[in-house]
Amino acid sequence: MSRIIWQHYPTLDSTQTAAIKFVETNSIDCPVLISTDMQTAGYGTQNRNWVSQPGNLFATFCIKQESCNFAQFKENMSEGDALTCARIMQVAAQQLTGVELNLKEPNDLMRGNKKCCGIMINKVEDLEHQTILCIGIGFNCSKSVSTTQETTFTKCDKTQLMFKWIDVFNQMVLE
């Protein structure tokens, strides 16, 4: 991966919403990363609310589906692409922090029995009708959040974690 377009904002309603709008109004020739310091209307799978706390990681990584090879993981991971992306975050977080996180299907990372990361993927067509994967990542790297599910955090620098995830993604999935 030679080039990434990175757009960072102090506040967004949701990185996933911003990414989908960006993809639908552009031709995506290289990966795009949209991140924010704070989301006001973040959401996860099945439109569940994703509570945002300053200092945590909120990002969406957009890449052409045709450039990704998730097939190699399918036999070991029943839920597919989102769980594969969570596995990539598991590897990236361990490399960066030394902390072992556990996968919880279909798309979460747990520390003990508490959630610290969620991954979601939307498939969106760009202006050239290419299928783009919008991979949303919420990772509690500085604070736990208050939700109906117990949460925790794994202390690390959110920018270093995001780019470590992209590096591991590049090694494991890109063709």
Practice task
Give me the number: length gained by fully extending residue 174 to residue 26, i.e. 0.36 nm times residue separation minus the C-alpha to C-alpha distance, one decimal in nm.
Solution key: 51.1 nm
Exercise for the section: Could I have the simple spin-label model distance between residue 104 and residue 13, label points 7 Å from Cα toward Cβ, reported in nm to one decimal? Expected result: 2.8
Exercise for the section: Decide, for region 81-175, between rounded, prolate and oblate: order the square roots of the alpha carbon gyration tensor eigenvalues as a ≥ b ≥ c, take rounded if a/c falls under 1.5, and otherwise choose prolate if a/b is larger than b/c, else oblate. Expected result: prolate
Problem - Cα-based reach from residue 158 at 17 Å (exclusive), listing lysines while leaving out same-chain residues under 8 positions away - result: 115, 143
Practice task
Identify which of the listed values of Kirkwood radius over Cα pairs in Å was calculated from the structure shown: [x] 17.4; [y] 16.0; [z] 19.0.
Solution key: [y]
Completion exercise
Residues meeting the amide H criterion for residue 13 (H placed from the backbone, H to H distance under 5 Å, 5 or more places apart or on another chain) are 40
Handout entry: Extension gain from residue 129 to residue 152, taking 0.36 nm per residue of separation minus the Cα-Cα distance
Key = 4.3 nm
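None of the figures in this text is laboratory data; all of them are computed from the coordinates on show. Everything numeric here is computed off the predicted structure, so don't read it as measured data. Don't worry about glycine lacking a Cβ; one is built from the backbone with ideal geometry, like all the others, and counts go over all protein chains shown.
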